[in-house]
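Following: one structure in structure tokens, then a few remarks.
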Amino acid sequence: MKALKFKLSGKTAFFKKPDVNSYLYFTYGNIHRVALLGMFGAILGYGGYNQQRYNMDNVEGYNEDYPEFYSKLHNIKIAIEPLNEKGYTPKKVQVFNNSVGYASQEKGGNLIVKEQWLENPKWNIYVLLDCDEANKISDYIINSKTVYQPYLGKNDHYANISSYEIVDAKQAEKVEKVDSLCPTRLVEVEIDSEDDEQFKYTEKLPAALEKMSNMYKLEGFIYSNMNVENIELENVYNIEGKNIVFF
């Protein structure tokens, strides 16, 4: 099996949590599956949430229950390998003004926006080349083609795609450690109380969209250097000596 591998990075990123907060907008700590599919959709020129309200019956393979990018790409298998130390990306609150006039009901129409941004995020991204859409993504990235500008969660945060290559992906037969984000339902890790160097990053991240509302469906993920106690091997591949979990 072959897979596309590339480095995804940026100066900043913002993957907005939908939680209501009148003071501050929070971000997820890592890029998630839905955001990645949206970025791939931008590269390929597929429609997003804004285009969904129009009649898309004439678009082949498009299901108007979802945005076009999600309808076409939701079956591809991706993997995310955090490159920031221990899977943690530093965050910083940014304060800026939205003065378009209709942003706020206050006098002057000025809205003070506070957002929590990731600073210097970076990941290795893998796409398993087992379907036509995955191969199309590979073609566009390897040949540096894009229809729309890819960004990291919001158009203030440009995405840098580099070090792209096609790599061999061999089904893993035995796994002692996992080197990428992994759904917690697939793995159990063993805690060694005497190992001071071990770490475990966990977070609930968007993994899919709800059909009726297009809201995020969250799933628990783990990134750790702890030994694996039990894991489902079906979606684990060995790539360049690393155990990478596709989901």
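If I filter the range 139-159 for residues that are acidic (Asp, Glu), surrounded by 12 or more Cβ atoms within 10 Å (Cβ to Cβ), in contact (Cβ under 8 Å) with a residue 24 or more places away in the chain and within 15 Å of Glu81 (Cα to Cα), do I get at least one hit? No: zero hits. Restricting attention to the range 192-233, the residues that are within 21 Å of the chain's Cα centre (by Cα) and of a type in the set (D, E, K, R) total 7. Restricting the range 179-220 to residues that are in contact with a strand residue (DSSP E or B) (Cβ under 8 Å, 6 or more places away or on another chain) and polar (S, T, N, Q), which is surrounded by the most Cβ atoms within 10 Å (Cβ to Cβ)? The selected residue is Ser180.
With respect to Ser163, determine if the residue is within 29 Å of Gly48 (Cα to Cα), in contact with a Phe, Trp or Tyr (Cβ under 7 Å, 6 or more places away or on another chain) and touching a residue at least 40 places away in the same chain (Cβ under 8 Å).
Judged against the criteria, Ser163 is a match.
On the given criteria, is Ala134 on the phi < 0 side of the Ramachandran plot, surrounded by 14 or more Cβ atoms within 10 Å (Cβ to Cβ) and in contact with an Asp or Glu (Cβ under 6 Å, 6 or more places away or on another chain)? It is false that Ala134 is on the phi < 0 side of the Ramachandran plot, surrounded by 14 or more Cβ atoms within 10 Å (Cβ to Cβ) and in contact with an Asp or Glu (Cβ under 6 Å, 6 or more places away or on another chain). Number of residues in the range 116-129 that are part of a loop (DSSP other than H, G, I, E, B) and surrounded by fewer than 16 Cβ atoms within 10 Å (Cβ to Cβ) equals 1. Exactly one condition in (1) exposed (fewer than 12 other Cβ atoms within 10 Å of the Cβ); (2) at pLDDT 70 or above is not met by Gly101; state its number. Condition not satisfied by Gly101: (2). Restricting the range 1-51 to residues that are of a type in the set (D, E, K, R), outside any loop (DSSP other than H, G, I, E, B) and farther than 20 Å from Phe69 by Cα, the residue that is farthest from the chain's Cα centre (by Cα) is Lys2.
Mind listing just one residue for me: the one in the range 196-247 that is charged (D, E, K, R), free of Cβ contacts under 8 Å to residues at least 12 places away in the same chain and outside any strand (DSSP E or B) and, of those, nearest to Asp168 (Cα to Cα)?
Top of the filtered list is Glu234.
Of Ala172, Ala207, all but one fail to be under 17 Å from Asn30 (Cβ atoms) and modelled with pLDDT of 95 or more; the exception is Ala207. The number of residues in the range 168-178 that are closer than 10 Å to Val236 by Cα and not small (Gly, Ala, Ser) comes to 6.
The values are calculated or read from the model by the stated rules, or taken from the named source; none is laboratory data. Not measured: the values here are computed from a predicted model. So basically every Cβ, Gly included, is an ideal-geometry build from the backbone, and we count neighbours across all protein chains shown.
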